[in-house]
1. How large is the charge dipole for the stretch 118-207, taken about the Cα centre, if only the Cβ atoms of Lys, Arg (+1) and Asp, Glu (-1) carry charge, to the nearest 20 debye?
2. What helices does the chain have that are whole DSSP H segments, at least 15 Å long along their own axis by Cα, and with mean Kyte-Doolittle hydropathy of -1.0 or more?
3. Please work out whether the stretch 6-55 counts as rounded, prolate or oblate from its C-alpha gyration tensor, where a ≥ b ≥ c are the square roots of the eigenvalues and a/c under 1.5 means rounded, while otherwise a/b larger than b/c means prolate and anything else oblate?
4. Using packing as a proxy for protection, rank 91-98, 233-240, 26-33 so that the peptide with the highest average count of other Cβ atoms within 10 Å comes first.
5. Need the C-alpha centroid separation for the stretch 33-79 versus the stretch 170-230, integer Å.
6. Calculated from DSSP H runs of 4 or more alone, at -39500 (n - 2.57) each and per residue, what is the 222 nm mean residue ellipticity of the chain, nearest 500?
7. Work out the charge dipole of the stretch 12-130 with +1 on the Cβ of Lys and Arg and -1 on the Cβ of Asp and Glu about the Cα centre, then indicate which of GLN124, TRP16, LEU89 is farthest towards its positive end.
8. Please give the FRET efficiency for SER58 paired with GLU24, using the beta carbon to beta carbon distance and R0 = 22 Å, rounded to the nearest 0.05.
Amino acid sequence: MPNNPSGRQSIIAANWKMNKTLEEAGQFADNLLNRCPDPGTIEAVIAAPFTALSTLRSRLRATPFRLAAQDLFWEPAGAYTGEISAAMLVDVGCSHVIIGHSERRQGFGETDAMADKKVSAALQAGLHPIVCIGETLDERQAGQTFDVLKRQIQNSLASCSADVMPRIVLGYEPLWAIGTGVSATPQQAQEAHSYLRELLAQRWGTEAAEAVRVQYGGSVNPDSIAALMAEEDIDGALVGGASLDVDSFIQLLTYS
Ligand code: 13P
């Protein structure tokens with residue numbers, strides 16, 4: 001299975017969102033390990049609801065599969081009812097955490113400034129942040145895509161220094177492509193990814209920019225993944241709906 005032509009390790013992540021009971025999560029993991037015990041050179045990540053993390057950890061602990069949470073809070077501990085810290089995520093076996101997903105930005109008022117604090121907390125705890133950005137349909141149609149991406153990158157990664165950049169994963173997820181069945185074309189995604197890499201290079205230098213992996217997310221499925229992954233600056237996929245079924249997830253991991 002290929003890495004990206006650039007040499008960056010490909011990363012394919014399932015974002016289960018608010019789906020799966022403990023039993024369903026456990027069955028998924030068992031079936032996955034039976035049918036696809038090793039994703040080869042691809043870094044395969046499952047971002048599960050908080051409630052399923054412990055169950056998944058016990059099944060995936062001694063396997064190449066990695067575990068992610070879908071959010072965290074930036075404070076280390078204390079009176080923050082309902083919140084989960086970075087250290088708690090490490091404790092439950094996570095190596096990655098999604099930050100600033102558009103569903104949190106749109107539905108829960110999350111801002112770039114909040115994403116920045118979450119990125120810092122995640123890095124400090126040793127987690128790999130998967131930082132999500134992307135434009136709405138209105139913004140794209142108004143020709144504002146690059147401006148929006150620039151603002152999101154500058155503000156969501158405001159506290160990052162160049163040395164931490166290789167640990168950052170970006171998720172380019174245009175909002176008009178999420179859950180709609182209308183994926184960005186490989187060319188549209190590549191155009192955005194290459195612009196993102198340019199922005200990263202301007203701010204953190206070429207070496208750091210080349211090390212950051214940029215995933216595409218938005219209606220990725222087993223039929224569309226190969227063409228997306230063939231693009232120079234597309235280093236992986238962040239997959240919602242098509243990651244919920246184990247057969248479909250395996251097809252995504254073995255796309256080539
Ligand atoms: P879909 O794959 O269901 O469009 O979701 C994409 C997404 O939001 C992944 O984070």
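1. With only Lys, Arg, Asp and Glu charged at Cβ, the dipole is about 220 debye.
2. 22-35, 112-124, 145-156
3. Taking the square roots of the gyration eigenvalues as a ≥ b ≥ c, the stretch 6-55 is oblate.
4. 233-240, 91-98, 26-33
5. Between the Cα centres of the stretch 33-79 and the stretch 170-230 lies a distance of 22 Å.
6. -11500 deg cm²/dmol
7. Checked the options; the winner is TRP16.
8. 0.90
Laboratory data are not the source of any read-out in this text; all were calculated from the coordinates shown. Just so we're clear, the structure is a prediction, and the values are computed from it rather than from any experiment. Reconstructed Cβ throughout: ideal geometry from the backbone, glycine too, with neighbour counts over all protein chains shown.
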